[in-house]
Amino acid sequence: MESSQISPRIAIYGLGFVGQQLAGFALDKGWEIVGAYNRAGEKIGQDLGSLLGRDPIGLTVEDCDTADYSRLTADIAFVAVSDRLEVNYPSYERLMSAGANILCHGAESCNPRRLNPGIAEKLQALALKNNVTFTGGGIWDMTRIWAGILSVGPNTEITSMTHAYSAEPDQSYRLNVIT
């Protein structure tokens, strides 16, 4: 059985080490990056490809506080800002309101109901209102050390990524990317 390749439209919110790694991974896979956001500073106004040390790709890094998110056409937005839900919440609100599904690596994002019930309620309301999903990986430390690195250390290539969400037993959202 052959698999068909899905090429999601990606937005990257936060272009520090992890955000740049995610952007590079997406470009290596041939995925279209349709938005790149960072806080004010030297990265703003740069071409994302150039920022990553590659050829320009024609996408300018925008100031996350002044960008026009109504133009965003992302299927998935990777949020790589902070470990803290409260710090990340403005990014979640901006991106989910624009119709993007969120994948966040922050440690608190893996269990928002337990760690910050107030933010969790806001996230649930945003997701339902905008028909999108929020998924937190909670892998902040795993980008540096711990079990994640131990488990993938012997690998030389990632060949598949799966993101699945189910709010109700009879309703599910699934994105499979097989490369």
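Matching residues to (1) farther than 17 Å from G19 by Cβ; (2) surrounded by fewer than 19 Cβ atoms within 10 Å (Cβ to Cβ); (3) at pLDDT 95 or above:
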residue	(1), (2), (3)
N88	no, no, no
M96	yes, no, yes
G99	yes, yes, yes
C104	no, no, no
E108	yes, no, no
R113	yes, yes, no
P117	yes, yes, no
E121	yes, yes, no
L126	yes, yes, no
Item to complete: Go through I33, I6, I10, I44 for me and flag whichever is in contact with a strand residue (DSSP E or B) (Cβ under 8 Å, 6 or more places away or on another chain), over 30 Å from R114 (Cβ atoms) and part of a strand (DSSP E or B).
Response: I33
Worksheet item: Any residue at all in the stretch 31-39 that is basic (K, R), closer than 17 Å to V81 by Cβ and out of contact with any Pro (no Cβ under 6 Å at 6 or more places or on another chain)?
Response: yes
Worksheet item: Can you name the residue in the stretch 10-29 that is under 17 Å from V61 (Cβ atoms) and in contact with a Ser or Thr (Cβ under 6 Å, 6 or more places away or on another chain) and is also modelled with the highest pLDDT among such residues?
Response: Y13
Worksheet item: Can you name the residue in the stretch 56-77 that is in a strand (DSSP E or B) and under 12 Å from V34 (Cα atoms) and, of all such residues, is most open to solvent (accessible area, probe 1.4 Å)?
Response: T60
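The values are calculated or read from the model by the stated rules, or taken from the named source; none is laboratory data. Predicted model only: the values in this text are computed from it and were never measured. Note that each Cβ is placed from the backbone with ideal geometry, even for glycine, and that neighbours are counted across all protein chains shown. Calculation scope for accessible area: heavy atoms of the full protein, side chains included, ligands and nucleic acids excluded. Shrake-Rupley method; radii C 1.70, N 1.55, O 1.52, S 1.80 Å.
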